1. In this structure, does Asp152 turn out to be open to solvent by less than 60 Å² (accessible area, probe 1.4 Å), in contact with an Asp or Glu (Cβ under 9 Å, 6 or more places away or on another chain) and acidic (Asp, Glu)?
2. In region 1-58, what count of residues is obtained for those that are of a type in the set (S, T, N, Q), surrounded by 18 or more Cβ atoms within 10 Å (Cβ to Cβ) and outside any helix (DSSP H, G or I)?
3. Here are some residues: Ala148, Ala124, Ala128. Which one is among the small types (Gly, Ala, Ser), touching a His at 6+ places or on another chain (Cβ under 7 Å) and modelled with pLDDT of 95 or more?
4. Would you mind finding the one in Leu227, Leu253, Leu243 that is part of a loop (DSSP other than H, G, I, E, B), touching an Asp or Glu at 6+ places or on another chain (Cβ under 8 Å) and either in contact (Cβ under 8 Å) with a residue 60 or more places away in the chain or open to solvent by less than 30 Å² (accessible area, probe 1.4 Å) (or both)?
5. What number of residues within region 25-35 satisfy the criterion of being out of contact with any Phe, Trp or Tyr (no Cβ under 8 Å at 6 or more places or on another chain) and more than 20 Å from Thr144 (Cβ to Cβ)?
6. Please work out if Leu227 is within 21 Å of Ala148 (Cβ to Cβ) and modelled with pLDDT of 95 or more.
7. Return the only residue of Glu88, Glu105 being open to solvent by 50 Å² or more (accessible area, probe 1.4 Å) and assigned to a helix (DSSP H, G or I).
Amino acid sequence: MKIIEHIEAVRHEGTLLADAAARADLTAPVPTCPDWQLGDLLRHIGQVHRWAAAFPAKGLTAPPEDAARQAVIGPDPSDAALLDWFREGHAALVTVLSEAPADVECWSFLPAPSPLAFWARRQAHETAVHRFDADAAAGSPGPTVDGALALDGIDELLRGFMLHGRPKVHSDQPRTIRIRPTDGPDSWHLTLSQEPLTVTTEERPEPADLTVTGPAAELYPLLWNRLTVERAGQVELSGDLDLFDHWRTTAAL
């Protein structure tokens, strides 16, 4: 996806998130994030949007320390102002990403063609995944995520966070998982062992221990732990089903 497409996804998914939040009370539980209420979700994503916007806007070369981070995020809004506060931060993020120079230099934390490409992509998926949470709190699913965004989000998870981020997915014995979208050109092949996880899109002749097949729009929230297999009507698992449970437990974000 191009940067402009990721920015449009930030705009679109953030608008849907706000619309979902407007349909529910701030005390509504968030089933996909069991420790949160809707108000916690809005504060989290609102803070992330302000934090993320500061890097391309100010050219920050490192994450700000606690005091500086708080200055970037600003004061905590009241419950009555929370939804408007979220919308303001979301709109500011879209503006920063849209107006930042293509060659802006700033800190980022996953491989990307450029810092701007990183922040546009990361915030597109940060916003889309939390939009699923807002929909869950509101008690009704929102529109299906665009197929291209879903494929891109699977790739960011598997070849970004899983390889360079916090989760460490291991297995005592080597085990393999194939993620196969029915509407995408590539499959992802994962090898779990006592060594760091490996992920490739190269085709392999041998069958995987577990194959997860389905449309990208369902695989995306499924792999980000926002959708269960039971509610993913078109996802099929074949092979070692216990391996999928192990993945969901150890790769949770």
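The values are calculated or read from the model by the stated rules, or taken from the named source; none is laboratory data. In this text the structure is predicted, and so the values were computed from the model without any measurement. Positions of Cβ are backbone-derived with ideal geometry, glycine not excepted, and every protein chain shown enters the neighbour counts. Accessible surface is based on the protein model in full, side chains and every heavy atom, while ligands, DNA and RNA are left aside. Shrake-Rupley method; radii C 1.70, N 1.55, O 1.52, S 1.80 Å.
1. So Asp152 passes the test.
2. Within region 1-58, residues that are of a type in the set (S, T, N, Q), surrounded by 18 or more Cβ atoms within 10 Å (Cβ to Cβ) and outside any helix (DSSP H, G or I) number 1.
3. Working: Ala148 fails: touching a His at 6+ places or on another chain (Cβ under 7 Å); Ala128 fails: touching a His at 6+ places or on another chain (Cβ under 7 Å).
Within the list Ala148, Ala124, Ala128, the selection yields Ala124.
4. Leu227
5. Taking region 25-35 as the starting set, the residues that turn out to be out of contact with any Phe, Trp or Tyr (no Cβ under 8 Å at 6 or more places or on another chain) are 25-28, 31, 33-35.
Still in the running and more than 20 Å from Thr144 (Cβ to Cβ): 25-28, 33-35.
Within region 25-35, residues that are out of contact with any Phe, Trp or Tyr (no Cβ under 8 Å at 6 or more places or on another chain) and more than 20 Å from Thr144 (Cβ to Cβ) number 7.
6. Values: within 21 Å of Ala148 (Cβ to Cβ): yes; modelled with pLDDT of 95 or more: no.
Criteria not met by Leu227.
7. Values: Glu105 fails: assigned to a helix (DSSP H, G or I).
Step by step, each of Glu88, Glu105 is checked, and only Glu88 is open to solvent by 50 Å² or more (accessible area, probe 1.4 Å) and assigned to a helix (DSSP H, G or I).
Yes or no, residue by residue, for (1) at negative phi; (2) within 21 Å of the chain's Cα centre (by Cα); (3) not polar (S, T, N, Q):
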position: Ala57; (1), (2), (3): yes, no, yes
position: Glu65; (1), (2), (3): yes, no, yes
position: Ala71; (1), (2), (3): yes, no, yes
position: Ala80; (1), (2), (3): yes, no, yes
position: Ala91; (1), (2), (3): yes, yes, yes
position: Thr95; (1), (2), (3): yes, yes, no
position: Ala100; (1), (2), (3): yes, no, yes
position: Ser108; (1), (2), (3): yes, yes, no
